[in-house]
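Here's the structure, in structure tokens; my notes come after.
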Amino acid sequence: MADNDVGYNQNTSNLKEISMALYLFLSLLIIVLLILTLLQYLNTNRIVDQQLTQHKMMFPNQIRRARSVYMRGIFRANHRQRNLRTTAIVSDILAAICLVNAVVVHFQPDSTVSLGNSLLRGQALHVSSQLNTTIQNTSLLIGMLLALVSRVVWLYLSRWRYQKLVKADSEHASGPTDLFWTPAVLLQNQYHLQLGIQAVLIVGIIFLALTGLFDWLPTPNNATSQPQSQSVPASPSSSRTSAPSVNTESNTSNASSGSTPQTTQPTYPIDDMKKAPLAPAVALANLTDADRAALLFTMYWTMNGLQTYQVAEYANSTDETYSYHLVSGASGQLIVFSETIPSVNQSDYMFYAFIQGETVKLYNMYQSKQAITSLASQYNLTVTGTTITPNMPEIQDSNINMRQLISAFLTDPAFAKIKSGLTQGVAVPL
């Protein structure tokens, strides 16, 4: 499958910007958390230093260990607080497991499905991507809800322990001679730092919970990892390119340019399309928008190994609706194709066609669910006056003359059914 790395990186630049913004926010929270943790550590050292002035025969670690045992003993002596502490620890462990699971799913690429039909492979990978996204978001949401419960419990326990220590110090005003005594200022600092740490964690937890609830993170494939097989497959006949190596098991290619000459295999419908003669120029001039859209839709699925009668079945499916969208301001040079699944109220952008004179090229949109506010900025097109230039490689084997498509498909008995099955969607802004 050609152009996977280059096309993927350029076509998902907007998603990467969103992803980077999310990671930047989380990184800032982590930095603040580390700073507060460092201040807490330094504050503890100051408490230990105060104790060393009186307990000169003890080592710092001995004092820390003794005070730690004393703090845990406070909880053990109170049944209710002990149970709450156990609940908080268990919630934290479960939350960590859910978070790790979400991270693993987010960063793992889809498994390559070894199916002979590239269409089935593309559909299987698309379903796999959706399943991974659901698992990622569900794990994230459940984990963060557990962590939020835990944080509330820790806030209560921090307040309770602070009051307990203040009371103990006031009742045993022996100063540093008491190993468990804490200077009032340092004790207050310790409490405030604990509150600060919990507050930062709560902000991060709420943010991650909202991320899982509203699906703010890109899907596992679109965010950070290169997919092993793109969600909309390129031409199945393009299994041999100028790249030095080919993976025959996954039927993919390492080629980096969609315009590299390709060799085809006679077992695929694409061969007849590529060999079709040029129709008269008048036939091209007489095409309507619906005709062009149906020809391009048929071309796309032909590249994926389907016969025209199968394309007609797809276009008229009761489970999915396929639409074409004209691009405002593009003077008919661009047509976007989308797929809608009514049962789950989901719409994906599949690919767009760039028509330049008689030549047409297709460009992958990788089943993007993101609304299009500007096709040029979101999919890396340069617009200079009336000149439009796509800056990413086209789908392999998709460079063809429109007059060949007319000869190959326009008189096919299934073409009228394909045309009637496609619906015209709302225009897409350039």
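The values are calculated or read from the model by the stated rules, or taken from the named source; none is laboratory data. Note that this is a predicted model, so its numbers are computed, not measured. Here the Cβ positions follow ideal geometry from the backbone for every residue, glycine too, while neighbour counts run over all protein chains shown.
Could you check, for the range 24-42, whether at least one of its residues is surrounded by 16 or more Cβ atoms within 10 Å (Cβ to Cβ), among the polar types (S, T, N, Q) and under 18 Å from residue 194 (Cβ atoms)?
Within the range 24-42, one or more residues are surrounded by 16 or more Cβ atoms within 10 Å (Cβ to Cβ), among the polar types (S, T, N, Q) and under 18 Å from residue 194 (Cβ atoms).
Kindly evaluate residue 371 against the criterion of being among the hydrophobic types (A, V, I, L, M, F, W, C) and in contact (Cβ under 8 Å) with a residue 40 or more places away in the chain.
No; evaluated as a whole, the condition is false for this residue.
Out of contact with any His (no Cβ under 7 Å at 6 or more places or on another chain), within 20 Å of residue 414 (Cβ to Cβ) and crowded, with 17+ Cβ neighbours inside 10 Å: is that true of residue 368 in this structure?
no
Could you give every pair whose Cβ atoms fall below 9 Å, whose first residue belongs to the range 271-295 and is over 14 Å from residue 416 (Cβ atoms) and in the same structural domain as residue 412 (by TED's automatic domain parsing), and whose second residue is outside any loop (DSSP other than H, G, I, E, B) and charged (D, E, K, R), counting only separations of at least 6 or pairs across chains?
276/403; 277/403; 278/403; 279/403; 280/403; 281/403; 283/403; 284/403
Kindly provide the set of residues from the range 295-327 that are hydrophobic (A, V, I, L, M, F, W, C) and under 31 Å from the mean Cα position of the chain (by Cα), ordered by number.
296, 297, 299, 301, 303, 306, 311, 315, 326, 327
Here are 128, 91: which of them is modelled with pLDDT under 75, crowded, with 17+ Cβ neighbours inside 10 Å, under 30 Å from residue 204 (Cβ atoms) and not aliphatic (A, V, I, L, M)?
Exactly one of 128, 91 is modelled with pLDDT under 75, crowded, with 17+ Cβ neighbours inside 10 Å, under 30 Å from residue 204 (Cβ atoms) and not aliphatic (A, V, I, L, M), namely 128.
With the requirement that a residue be modelled with pLDDT of 90 or more and of a type in the set (Ser, Thr, Tyr), what does the range 390-410 give you?
Scanning the range 390-410 gives a single hit, 407.
Take residue 58 and decide whether it is touching a strand residue (DSSP E or B) at 6+ places or on another chain (Cβ under 8 Å), surrounded by 13 or more Cβ atoms within 10 Å (Cβ to Cβ) and at pLDDT below 90.
Criteria not met by residue 58.
Which condition from (1) more than 23 Å from residue 388 (Cα to Cα); (2) under 33 Å from the mean Cα position of the chain (by Cα); (3) in a loop (DSSP other than H, G, I, E, B) is the one that residue 279 breaks?
Status for residue 279: all satisfied but (2).
Could you please find all residues in the range 94-125 being of a type in the set (Gly, Ala, Ser), out of contact with any Ser or Thr (no Cβ under 8 Å at 6 or more places or on another chain) and modelled with pLDDT of 55 or more?
Selection gives 96 alone.
Only one residue in 235, 231 is closer than 30 Å to residue 415 by Cα, at pLDDT below 50, touching a strand residue (DSSP E or B) at 6+ places or on another chain (Cβ under 6 Å) and buried (at least 18 other Cβ atoms within 10 Å of the Cβ), so which one is that?
231
Could you check residue 392 against (1) assigned to a loop (DSSP other than H, G, I, E, B); (2) out of contact with any helix residue (DSSP H, G or I) (no Cβ under 6 Å at 6 or more places or on another chain) and say which number it fails?
Checking residue 392 against (1) assigned to a loop (DSSP other than H, G, I, E, B); (2) out of contact with any helix residue (DSSP H, G or I) (no Cβ under 6 Å at 6 or more places or on another chain), the one that fails is (2).
For the subset of the range 402-430 comprising residues that are closer than 18 Å to residue 356 by Cβ and in contact with a Gly (Cβ under 9 Å, 6 or more places away or on another chain), which member is surrounded by the most Cβ atoms within 10 Å (Cβ to Cβ)?
Residue satisfying both the conditions and the ranking: 402.
Against the condition in the same structural domain as residue 135 (by TED's automatic domain parsing), in contact (Cβ under 8 Å) with a residue 60 or more places away in the chain and assigned to a helix (DSSP H, G or I), how does residue 74 come out, does it pass?
Yes.
Of all residues in the range 395-430 being assigned to a loop (DSSP other than H, G, I, E, B) and in contact with a strand residue (DSSP E or B) (Cβ under 7 Å, 6 or more places away or on another chain), which is nearest to residue 312 (Cα to Cα)?
Top of the filtered list is 422.
Here are the criteria: (1) in contact with a Leu (Cβ under 8 Å, 6 or more places away or on another chain); (2) surrounded by fewer than 17 Cβ atoms within 10 Å (Cβ to Cβ). Tell me which single one residue 377 does not satisfy.
Just one mismatch for residue 377, condition (1).
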